[in-house]
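Okay, so here's the structure we're looking at.
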Amino acid sequence: MSDASTDPVILTTERLTLRPFDAARHLTPGYVAWLNDPEVVRYSEQRHKSHTLESCRAFTEGFDQGPSRLWAIERLEDGAHIGNIHADIDARNGLADVAVLIGDRDAWGHGYGLEAWNAVLGWLLTDGEIRKVVAGCMKSNVAMVRIMQKSAMSPDGERKAHFILDGQPEDIVFCAKFRAG
Ligand SMILES: CC(C)(COP(=O)(O)OP(=O)(O)OC[C@H]1O[C@@H](n2cnc3c(N)ncnc32)[C@H](O)[C@@H]1OP(=O)(O)O)[C@@H](O)C(=O)NCCC(=O)NCCS
């Protein structure tokens, strides 16, 4: 019998397809290069690490058995893999912690991050049977803060001076969105 919590889920938006991450298709040197690009990981703790195909494979394989999910973000127009989005799922508490990475910097600022984000939050809070979606980012990550605001998430706390960014203490802010009703 299939377990619905691990059934593959493909999400389609106006300009994107979010497909379950498939190593054969998506685990590429280009993906590894995103994580080794200091601009891309500027606000992420990934900035302290050096990434390889092997380290990325270890991360992506962690999603193979569910219930957490990792989607590759593909642009419909040209099929390009422009980023990834994942939901760490705590099924017992009905919680999902979501993070997005648009790795192709040429694709920044076109609304793809928000589009993927809304698709995943929408699915999690309906068919995904999640009660509360949470996310967090450094306060200076203006684009990510905007995505959390524009997806109608609410403030869910913050940690003062939690990380060091460019030698200065940096707050981390959290947001949440609850299932309707
Ligand atoms: C953060 C990130 C996902 C944003 O994705 P994106 O596709 O470029 O963002 P969008 O185009 O959907 O823009 C969302 C909002 O942020 C704003 N924005 C985008 N880039 C911005 C920038 N560099 N500075 C300020 N605001 C920015 C947009 O204007 C938009 O707000 P608006 O509609 O009010 O104008 C992307 O930059 C990224 O993946 N960065 C690296 C990884 C990361 O930081 N992930 C977040 C941690 S979970």
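Per-structure values
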read-out	value
Separation in nanometres of the label points that stand 7 Å from Cα toward Cβ, at Ala33 and Asp171	3.7 nm
Cα centroid of region 87-166 to Cα centroid of region 41-79, whole Å	15 Å
Size descriptor, Kirkwood hydrodynamic radius, that averages inverse alpha-carbon separations across region 41-111, Å	13.8 Å
Highest-fluctuation residue, Leu125, Leu95, Leu165 considered, GNM on the chain with Cα pairs under 10 Å	Leu165
Per-residue [θ]222 nm for the chain (sum of -39500 (n - 2.57) over DSSP H runs n ≥ 4, rounded to 500)	-6500 deg cm²/dmol
Residues in region 163-181 reached by a label modelled at Glu129 [backbone nitrogen below 16 Å; 7 Å Cα→Cβ]	179
Label point at Asp22 placed 7 Å out along Cα→Cβ; residues across region 71-97 whose backbone nitrogen lies under 19 Å	71-86
log₁₀ of I(q)/I(0) at q = 0.12, 0.16 Å⁻¹ - region 3-135, Debye sum with one point per alpha carbon	-0.44, -0.80
Nearby lysines by direct alpha-carbon distance to Lys177 (threshold 16 angstrom, same-chain neighbours under 8 apart not counted)	Lys132, Lys150
Residue list for region 58-73, given a label point 7 angstrom along the Cα-to-Cβ vector of Arg15 and an amide N cut-off under 18 Å	72-73
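Laboratory data are not the source of any read-out in this text; all were calculated from the coordinates shown. For clarity, every value in this text was computed on a predicted model and none was experimentally measured. FYI the Cβ positions are ideal-geometry reconstructions off the backbone, even for glycines, and counts take in every protein chain you see.
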